[in-house]
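Presented below is the structure to which this report refers.
Derivation of every value follows stated rules applied to the coordinates shown; laboratory data play no part. Here the structure is a predicted model, which is why all the values come from computation and not from measurement. Cβ coordinates were reconstructed from backbone atoms using ideal geometry, including for glycine residues, and neighbour counts include every protein chain displayed.
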Number of protein chains: 2
Amino acid sequence: MKLLEEKIRKEGNVKEGNVLKVDAFLNHQMDVELFHEMGLEWKRLFEGKNINKILTIEASGIGIACVAAEVFHVPVVFAKKTASINLDGEMYTSKVESFTKKKVFDIIVSKKFLGPDDHILIIDDFLANGCAVMGLIDLINESGATLEGVGIAIEKGFQNGGKLIRERGIQLESLAIVESMDAATGEITFRN
Amino acid sequence: MKLLEEKIRKEGNVKEGNVLKVDAFLNHQMDVELFHEMGLEWKRLFEGKNINKILTIEASGIGIACVAAEVFHVPVVFAKKTASINLDGEMYTSKVESFTKKKVFDIIVSKKFLGPDDHILIIDDFLANGCAVMGLIDLINESGATLEGVGIAIEKGFQNGGKLIRERGIQLESLAIVESMDAATGEITFRN
């Protein structure tokens, strides 16, 4: 998606350690008009899919998911990150390892909001090693819901999350795929 | 706002300890079409105010803030909750005590995204003792930005947050104010 690539080139910052800072428009300050355009693009890319709910993960996925959900006319459910789970049987749970925070946390979704009748589109801001998406897929599988696809804003194409998801036959639509980036020059190359 | 009050009556649950569960539509599963109506209502209530940015706090404020921001045609900035702050001078910081989690955490906003030229509307899902909003006001004051008002989805009118904010002369618009609620009968009374 050209608009997103241009925004990344203009306002993104490449840092050491394969970090791409996009906090000016994506995950700290949030450009909701860009999010709306992203929602329209996912709507086009997932045309024909029977989607009745969007699933995301707190915190930075929530804004993008909610604006996109307006385009799809469906509700959003967000998985909560938690250090200690109340294992009372009312929650689906999985584990996610954070790439940036280097720690493992539990994610939970109430059983009330995910079930066999649901057809789910996962939306998230970043895809790197795929741990967050895999955790969300675990929750979907546990609930008996159907995964219809995964929509990502920015995929780090040089990490293996995208490959893992596509190999499972899942429709993955990343609106910008960073093939390589250079902290010294600030240069970013996108996959065509 | 009648629509929100009806939704709370229909899908909300009163629990012991003054807990109002609205996770079916507000802060776990999220009804984005309701959020859009809430955005329109705040737009009407804050008519004439010069607002160029919405400030909220993770996680459950983000969805409401983003959908409302589309109505206002402004970006959103969300304050991040963090246990340990990187005090490198690039962040505004404050402290918030959580009513439901009974603990104190730091909140941060990058100095890049809040400054003297900004005219801020704070948006959040709940107002109880007002700690979260007070923390956000601290960040705004520290930055030199102007606070134009506070928009809340559900105010617990029997706690003192609303009073504290209104006493400071701040325009506070809560779309539903719960005057009292009863966990035994499930009855909820709204302020007129």
Within straight-line cross-link reach of residue B:49, aspartates and glutamates at Cα separation under 15 Å, skipping those fewer than 8 residues along the same chain: B:41, B:117, B:118, B:148, B:173
Length-normalised contact order for the stretch B:2-190 - Cα pairs under 8 Å, 6+ apart - percent: 19
DSSP beta bridges in chain B [antiparallel fraction, %, rounded to 5]: 45
Residue B:19 paired with residue B:158, simple spin-label distance in nm, labels 7 Å along Cα-to-beta-carbon: 1.6
Peptide-level mean, for B:65-74, of C-beta atoms on other protein chains within 10 Å: 5
Too-long pairs where the Cα-Cα distance tops 26 Å, listed order kept, from A:7/A:81; A:111/B:10; B:103/B:156; A:43/B:10; B:21/B:81; A:15/B:103: A:7/A:81; A:43/B:10; A:15/B:103
Partner chain coverage, peptide A:103-115 - average Cβ within 10 angstrom: 1
Proximal charge balance of residue A:62 [Cβ under 12 Å; K/R count +1, D/E count -1]: -3
Shielding by other protein chains, A:23-29, mean Cβ within 10 Å: 5
For residue B:143, net neighbour charge (Lys/Arg +1, Asp/Glu -1) across residues whose Cβ lies under 12 Å away: -1
Label spacing, shortest first and in nm, from residue B:182 to its equivalents in the remaining copies (7 angstrom along Cα→Cβ): 7.2
Electrostatic dipole magnitude of the protein assembly as shown [Cβ: Lys, Arg +1; Asp, Glu -1; Cα centre; debye, to 20]: 540
Compactness of the stretch A:2-182, expressed as Rg and Dmax over alpha-carbon positions, Å: 15.6, 47
Label point 7 Å beyond Cα along the C-beta direction, distances from residue A:90 to other copies (nm, shortest first): 4.0
Neighbourhood charge, 12 Å Cβ-Cβ cut-off, centred on residue A:43 and excluding it, Lys, Arg +1 and Asp, Glu -1: -3
Cα convex hull volume per residue for the protein assembly as shown (Å³): 140
